[in-house]
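Just below is one structure, and these are the notes that go with it.
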Amino acid sequence: MADEYCKLIEAVSRIHDDRPSIHIRPHDDTTTCGTKSNVLLYGRHGDIKPSNVLWAESTQRLVLPDFGLSALQSTLSKEEQSGLQKFQMMTYRAPEFDVKEGIASRCSDVYGMACLFLEHITLFLMGEDGVREFTSARLAEDQKLGWKKADVFYTVSEDLQTATLKKEVKDWIEQLRRQPDCSRYIWRLLRLIETRMLEPDPANRITAKELVAEQQTLQHLTALSDSFYQKHWTETEHHRD
């Protein structure tokens with residue numbers, strides 16, 4: 001699990017950061033390179049969800065192949081999202097798609113990855129029944145989002161200015177921590193997901209590059225000690241960590 005999560009995070013980080021220095025002039029479709037007055041472009045996947053994570057038999061690795069909604073975005077202008085894109089990524093979209101003046105960015109991919117990881121951890125610890133139960137828990141009444149029930153991980157304020165993590169999601173994460181097979185690795189990963197990846201404000205959300213470093217640390221700890229990955233965490237270890 002640690003190795004595969006790390007590879008997926010590294011893949012998203014490369015999409016975000018490892019592009020050539022291509023710039024675009026504001027309000028101009030022509031591109032040039034190296035001009036300070038131009039606007040830097042960056043990559044974003046835009047559609048991170050379970051059906052877009054596949055197992056490659058040839059490499060024995062998880063891959064993130066679907067770039068149907070990927071985009072090369074400008075760091076200057078607000079991205080206008082189509083209704084189709086919003087529908088396609090409904091469950092795993094970030095709060096910035098529903099708050100006023102929200103701007104979709106690379107950090108939106110991080111939020112989607114947090115949702116993906118949380119569902120996968122649920123499957124690992126509680127099986128398919130647990131995944132269905134988690135989905136039902138998220139289906140809280142939420143008229144503000146335009147649906148009678150919204151299968152998202154957050155809720156928005158009445159004025160649509162701010163978003164918060166749903167109480168049902170917080171409660172579910174706590175339930176996962178109490179599962180018999182929740183190891184110290186999974187406990188630390190759940191803390192990272194809840195406090196850094198599912199941060200409703202994209203300005204305070206961890207970046208993919210930072211996330212790579214965090215996951216590599218956890219991966220290193222699993223390599224150093226089998227107990228970190230296999231042993232169930234305890235309250236004493238919780239306070240020590």
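What follows draws every value from the coordinates through simple rules; no lab data is involved. As the structure is a computational prediction, the values presented were derived from the model and not from experiment. For neighbour counting, all protein chains shown are included, and Cβ atoms are generated from backbone atoms with ideal geometry for every residue, glycine included.
Points 7 angstrom from Cα along the Cβ direction at Ser136 and Arg178: gap in nanometres?
Taking the simple label geometry, Ser136 and Arg178 are separated by 1.7 nm.
Can you compute the FRET efficiency between Leu221 and Arg14 using 1/(1 + (r/R0)^6), with r the Cβ-Cβ distance and R0 = 25 Å? Round to the nearest 0.05. Please list the in-between numbers first.
On the way: r = 24 Å, r/R0 = 0.95.
Result of the calculation: an efficiency of 0.60.
Mind giving me the nanometre distance, one decimal, between the label points for Leu160 and Lys100, set 7 Å out from Cα along Cα→Cβ?
Placing both labels 7 Å along Cα→Cβ, they lie 0.8 nm apart.
Using alpha carbons only, what's the Rg to Rh ratio of the stretch 160-217 with Rh from Kirkwood? Don't skip to the answer; put the middle values down first.
Details: Rg = 12.8 Å, Rh = 12.6 Å.
Reported Rg/Rh (Cα atoms, Kirkwood Rh): 1.02.
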